[in-house]
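Report on the structure given below.
Throughout, read-outs are computed from the coordinates displayed, never taken from laboratory work. Not measured: the values here are computed from a predicted model. All Cβ positions, glycine included, derive from the backbone under ideal geometry; neighbour counts span all protein chains shown.
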Amino acid sequence: MQLKFSTVSEPSIAGAKWKGLFDAYWSGYRTWFLSNNTAYTPDLKTSQDALKKYMPKMWATYQQLCTLTNADPVIARFFTGFQPPAYISACAQAVIKADEIQLVRNYDYHPDLLEGTILLSKWNDHRVMGISDCLIGLVDGMNDAGLCVSLTFGGRKEVGYGFGIPFILRYVLEFCTNTAEAVKTLKSIPSHMSYNVTVVDKTGASKTVMLAPDKATLVTNDAFATNHQGIVDWPENARFNQTIKRYNFIKNYLKSKNIKASELAKAFLHSPLYNTKFTEGFGTLYTSVYQPKNLIMKVLWPNEAIERSFDNFEEENILIDYNAAERFIIPDDTEEQAPVASNENRWQDAVVDSLVKGMAGKKTKQKQQELRERLMPDGEIAWEVLIDYWNEPVEY
């Protein structure tokens, strides 16, 4: 399987580059958007009124996008972000406050539904860079104030009154500067489905906000989330995406001592956080890493990585081959780069050392060595052993 990712820099109001993205993707989005037309689908006026009520500072941008695209009523309704068709992703995310403040997330979704655009823009108060969705929205991102957000599906079937979560995340990054402001904004905008939004700013202040269309928003101090909200509400979905196992893994990993930010990012590239059920809509399409103090964004795959910042945002098209170790640049008119030596064993040694300290630090050296041999029997981390070790009931 191969997917194309594009980094697009247009640090201004939406212009020719964003219009190019619209022209490329609108046909597919239109088909999806009209797939659920019923008597209960809101009309254009209702959708615009909702946008004015809940996200009023976005109205000028909305009008500009409509003008830029010569929007018909369908496009104009789509741009409001109000009550789109349901969509279910999976995902996992975590904040670590170690040698770096860092938000890491895996985006688990069906590959046919990926937009694949990493966009730098400045539509309102802040420059924003992140992974685009629905042309206007974001599934994760950071602004130039160092505020970072990402989402996971909340594991509930309910669909109700509210906006699509990518549109809400865009609004947060356009106008908020810190975690407190982001939480206040998230609590003020209804979400049409259940989502967990993890937020962190450059000071390290973080929250996970659980949104739902049928109950009050819950703000937690959790620094991570998978695909449930306190309890499992949809057992079939939870079994399919292994939300409890992934939740336990992250929870216990973050408890380990001396874990570095880079090690957490590496862990997201392995089971149980990295998933490969691509044709079933549960494959990890990319891993995002945000460092709010340095204002750096990284996008990772098992055999590739790119890095961007607000002041150094190179544009390129990248073809990721999920079955091979190569990286392809489109077009391929540049010199072939020499392979980079692998640091696989070095980082795995560091991870295991820190895990042993956290899990068996008070035990004898012999017990520590036994645990280390269990976790890394053949020079590589035995992730299945680590999963079984931590596969315990979740305490809420």
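Brief remarks follow.
- Exposure proxy shown here: for Arg170, Arg374, the number of other Cβ atoms within 10 Å sets the order, fewest to most, as Arg374, Arg170.
- Theoretical gain in end-to-end length, Lys365 to Lys277 [0.36 nm per residue, Cα-Cα removed]: 27.7 nm
- For the chain, the longest principal axis of the Cα atoms and the long axis of helix 344-360 meet at an angle of about 70 degrees.
- Expressed in Å, the radius of gyration and Dmax of the Cα atoms of the stretch 83-135 are 14.1, 41.
- Counting only DSSP beta bridges with both residues in the chain, the antiparallel share comes to about 90 percent.
- Over the stretch 177-324, the pair-distance histogram of Cα-Cα distances with 5 Å bins from zero comes to 2, 8, 14, 18, 19, 19, 14, 6, 1, 0 percent, rounded to whole numbers.
- Three-way shape label, the chain, alpha-carbon gyration tensor, a/c 1.5: prolate
- Between the C-alpha center of the stretch 68-111 and that of the stretch 151-167 there is a gap of 10 Å.
- For the chain, the Cβ-based charge dipole about the Cα centre amounts to some 1620 debye (Lys, Arg positive; Asp, Glu negative; other atoms uncharged).
- Measure of compaction for the stretch 141-245 (Cα Rg per 2.2 N^0.38 Å): 1.03
- Sorted ascending by nearby beta carbons within 10 Å, beginning with the fewest, Arg30, Arg372, Arg127 become Arg30, Arg372, Arg127.
- Anisotropy class of the stretch 35-84 from Cα gyration tensor, a/c 1.5 cut: oblate
- Virtual spin-label span in nm between Asn323 and Asn221, 7 Å along Cα→Cβ: 4.9
- Point-to-point label distance, Thr46-Arg239, nm (Cα→Cβ direction, 7 Å offset): 3.7
- Here each label is just a point 7 Å from Cα along the line to Cβ, and for Asp311 and Tyr25 those points are 2.9 nm apart.
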